[in-house]
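Single-structure report; data block below.
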Amino acid sequence: MEGNTGMTDWTTLNYVVVDVEGNGQQPPDLVELAAVPIVGGVIGEPKSWLVKPDRPITHVAKKVHGIGNDQVVDAPVFADVEADVLKALEASALIAHNAHVDVGVLRRKLGDWVCPEVFDTLKLARRLLPGRKTYRLGALVDEFELASGLEGEDQPHRATYDAIVAARLFVLLAARRSLEELRDQPAGGDRDEPALF
């Protein structure tokens, strides 16, 4: 492409978009996890796991994502799905909305796992879509109609739904931008939104 010498197309990386739903305890433990690949710029099929956490799901967390202790009583413990999760996380880069929360849970659960490069759609949206009152995932999903066709899927704050719409948001933000533009970080710290669970 002329005029774009030295710029790398964002589609040269393979990504995995993750979303974690927690049990409401501190630190949060995993209750549900979804991973959605983006390969060659194309969003793939999601994989998801419902997991029985080490400690019970709090009432507050259940109000956020709707998953109760009764729904995970027969679910596998994380150790039983860890190998599948690690396989799903094999990618050049990881994407999540407010990524420090998801990455923190994954690092605690996966021990020796080496987290790849991270693209946080919350930080990207703040930088590339200035002037919004809020950058919550739900608000951006509504603004750009990113939930189209997901009516039969899990609802907002469920891992599969949130990972799919975050993948769509990333593709929207990445379109017509180089990898270098996506990586360009502003000077100074960026505030993270607190975890809800």
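The values are calculated or read from the model by the stated rules, or taken from the named source; none is laboratory data. Note that the structure is a prediction, hence the values are computed from the model and not measured. Heads up, the Cβs are rebuilt from the backbone with ideal geometry, glycines too, and the neighbour counts pull from every protein chain shown.
You will find that of P37, P76, P46, the residue that is surrounded by fewer than 16 Cβ atoms within 10 Å (Cβ to Cβ) and closer than 18 Å to T160 by Cα is P76 and no other.
Filtering P56, P37 for residues that are modelled with pLDDT of 95 or more and under 22 Å from R168 (Cβ atoms) leaves a single hit, P37. Filter region 70-99 for residues that are without any contact (Cβ under 8 Å) to a residue 60 or more places away in the chain and touching a helix residue (DSSP H, G or I) at 6+ places or on another chain (Cβ under 8 Å); which is farthest from L13 (Cα to Cα)? Ranking the qualifying residues of region 70-99, first place goes to F78. Does P27 meet the test of being touching a residue at least 60 places away in the same chain (Cβ under 8 Å), outside any strand (DSSP E or B), closer than 20 Å to R108 by Cβ and in contact with a helix residue (DSSP H, G or I) (Cβ under 9 Å, 6 or more places away or on another chain)? Yes: the conditions hold for P27. Can R108 be described as outside any loop (DSSP other than H, G, I, E, B), touching a residue at least 12 places away in the same chain (Cβ under 8 Å) and loosely packed, with under 15 Cβ neighbours inside 10 Å? So R108 fits the description; yes. When region 5-29 is filtered for residues that are of a type outside the set (D, E), closer than 21 Å to A93 by Cα and surrounded by 14 or more Cβ atoms within 10 Å (Cβ to Cβ), the ones remaining, listed by number, are T8, W10, T11, L13, N14, Y15, V16, V17, V18, V20.
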